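What follows is one structure encoded as structure tokens, with my remarks underneath.
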Amino acid sequence: MIRVALADDQQLVRAGLRVLLETEDGFAVVGEAGDGAAAVALVRETRPDVAVMDVRMPGVDGLTALETIVADPSLAGTAVLVLTTFDLDEYVYRALRGGAAGFLLKDAEPADLVRAIALVARGDALLAPAVTRRLIAEFAARPAPLVDATRLDVLTPREREVLALVGAGLTNDEIAARLVISAATARTHVGRLLTKLDARDRPALVVIAYESGAVVPRAVR
């Protein structure tokens with residue numbers, strides 16, 4: 001059972017998300033919050049597997065709440081999925097650097113949201129396709145990587161391939177299919193990347209992939 005906390009300042013949105021999840025097998029909504037401060041308190045109280053977090057909320061915003069949750073070691077078991085109507089670059093980058101497990105727009109299909117929650121609950125990272133394209137365009141336009149590319153020298157050629165695919169937003173299963181390897185092998189490669197690059201989590205790998213130049217437009221098709 002995947003336990004989910006909902007944080008959105010619109011009660012109608014929260015109600016819709018609750019109905020959607022509670023009609024699906026394997027999901028349970030443990031609580032709702034209407035602002036960032038209440039969201040942090042809810043996560044601390046209920047320890048959900050996934051917190052679905054809006055960005056713009058009164059008082060403490062969703063991104064600040066995200067950063068607070070990720071910074072708390074006692075909440076390491078909770079993944080935060082940012083769900084918003086806004087795909088502005090400043091939100092995307094701050095969400096990823098803040099430790100979001102995923103970033104999905106509210107115009108996504110209900111089935112996509114259910115899949116996204118399931119994915120981040122099991123440790124995958126997910127970016128909406130439009131967000132991935134924006135990241136590619138943004139970092140490809142920069143004259144030089146933000147991170148010294150020699151940081152990747154510790155990686156094997158296969159690990160570099162996996163890093164690029166993680167940066168492209170692919171799940172472990174999708175990486176396995178792309179490279180014609182088992183899902184278990186894909187998970188092993190991602191685990192080694194986390195260790196070798198001293199990355200906190202999978203979203204941190206996404207940031208490293210872009211900022212080091214490991215992901216370029218032609219690498220994502």
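In this structure, does Val4 turn out to be part of a helix (DSSP H, G or I) and touching a Leu at 6+ places or on another chain (Cβ under 8 Å)?
Answer is no for this residue.
Every residue in the stretch 193-212 that is crowded, with 17+ Cβ neighbours inside 10 Å and of a type outside the set (A, V, I, L, M), please.
Within the stretch 193-212, Arg202, Pro203, Tyr210, Glu211, Ser212 meet the criteria.
So, in the stretch 45-59, how many residues would count as being more than 20 Å from Lys106 (Cα to Cα) and either aromatic (Phe, Trp, Tyr) or more than 20 Å from the chain's Cα centre (by Cα) (or both)?
Applying the first criterion (more than 20 Å from Lys106 (Cα to Cα)) to the stretch 45-59 yields 45-49, 59.
Keeping just the survivors that are either aromatic (Phe, Trp, Tyr) or more than 20 Å from the chain's Cα centre (by Cα) (or both) gives 45-46, 59.
Summing the residues that are more than 20 Å from Lys106 (Cα to Cα) and either aromatic (Phe, Trp, Tyr) or more than 20 Å from the chain's Cα centre (by Cα) (or both) in the stretch 45-59 gives 3.
Looking only at the stretch 82-89, decide whether some residue is in contact (Cβ under 8 Å) with a residue 24 or more places away in the chain, open to solvent by less than 10 Å² (accessible area, probe 1.4 Å) and among the aromatic types (Phe, Trp, Tyr).
The answer is no, given that none of the residues of the stretch 82-89 is in contact (Cβ under 8 Å) with a residue 24 or more places away in the chain, open to solvent by less than 10 Å² (accessible area, probe 1.4 Å) and among the aromatic types (Phe, Trp, Tyr).
Kindly provide the set of residues from the stretch 1-13 that are open to solvent by less than 50 Å² (accessible area, probe 1.4 Å) and over 16 Å from Val114 (Cβ atoms), ordered by number.
Within the stretch 1-13, Ala7, Asp8 meet the criteria.
In the set Gly99, Gly77, which member is surrounded by fewer than 20 Cβ atoms within 10 Å (Cβ to Cβ), touching a Lys or Arg at 6+ places or on another chain (Cβ under 7 Å), under 17 Å from Glu45 (Cβ atoms) and not acidic (Asp, Glu)?
Being surrounded by fewer than 20 Cβ atoms within 10 Å (Cβ to Cβ), touching a Lys or Arg at 6+ places or on another chain (Cβ under 7 Å), under 17 Å from Glu45 (Cβ atoms) and not acidic (Asp, Glu) holds for just one of Gly99, Gly77, which is Gly77.
Answer yes or no as to whether Pro143 is under 14 Å from the mean Cα position of the chain (by Cα) and modelled with pLDDT under 60. Please lay out each step first, then the result.
Values: under 14 Å from the mean Cα position of the chain (by Cα): no; modelled with pLDDT under 60: yes.
The answer is no for Pro143.
Of the residues that sit in the stretch 167-187 and are in a helix (DSSP H, G or I) and within 18 Å of Tyr210 (Cα to Cα), which one is nearest to the chain's Cα centre (by Cα)?
Gly167
Of the residues Val30, Val50, Val4, Val13, only one is under 18 Å from Gly98 (Cα atoms) and of a type in the set (Val, Ile, Thr); which? Let's see the steps before the verdict.
Working: Val30 fails: under 18 Å from Gly98 (Cα atoms); Val4 fails: under 18 Å from Gly98 (Cα atoms); Val13 fails: under 18 Å from Gly98 (Cα atoms).
The conditions single out Val50.
Restricting the search to the stretch 102-122, which residues are of a type in the set (A, V, I, L, M, F, W, C) and either open to solvent by 70 Å² or more (accessible area, probe 1.4 Å) or part of a helix (DSSP H, G or I) (or both)? Steps first, please.
Looking only at the stretch 102-122, we keep the residues that are of a type in the set (A, V, I, L, M, F, W, C), and these are 103-105, 108, 111, 113-114, 116-121.
Hits for the stretch 102-122 are Ala111, Leu113, Val114, Ala116, Ile117, Ala118, Leu119, Val120, Ala121.
Test Ala164 against the criterion of being among the hydrophobic types (A, V, I, L, M, F, W, C), part of a helix (DSSP H, G or I), open to solvent by 10 Å² or more (accessible area, probe 1.4 Å) and farther than 21 Å from Ala95 by Cα, and give yes or no. So that I can check it myself, show each step before the final result.
Numbers: among the hydrophobic types (A, V, I, L, M, F, W, C): yes; part of a helix (DSSP H, G or I): yes; open to solvent by 10 Å² or more (accessible area, probe 1.4 Å): yes; farther than 21 Å from Ala95 by Cα: no.
Here the answer is no, as Ala164 does not meet what is asked.
The values are calculated or read from the model by the stated rules, or taken from the named source; none is laboratory data. Keep in mind it's a predicted model, so treat the numbers as computed, not measured. Note that each Cβ is placed from the backbone with ideal geometry, even for glycine, and that neighbours are counted across all protein chains shown. Ligands, DNA and RNA are excluded from the accessible area calculation, which covers all protein heavy atoms including side chains. Shrake-Rupley method; radii C 1.70, N 1.55, O 1.52, S 1.80 Å.
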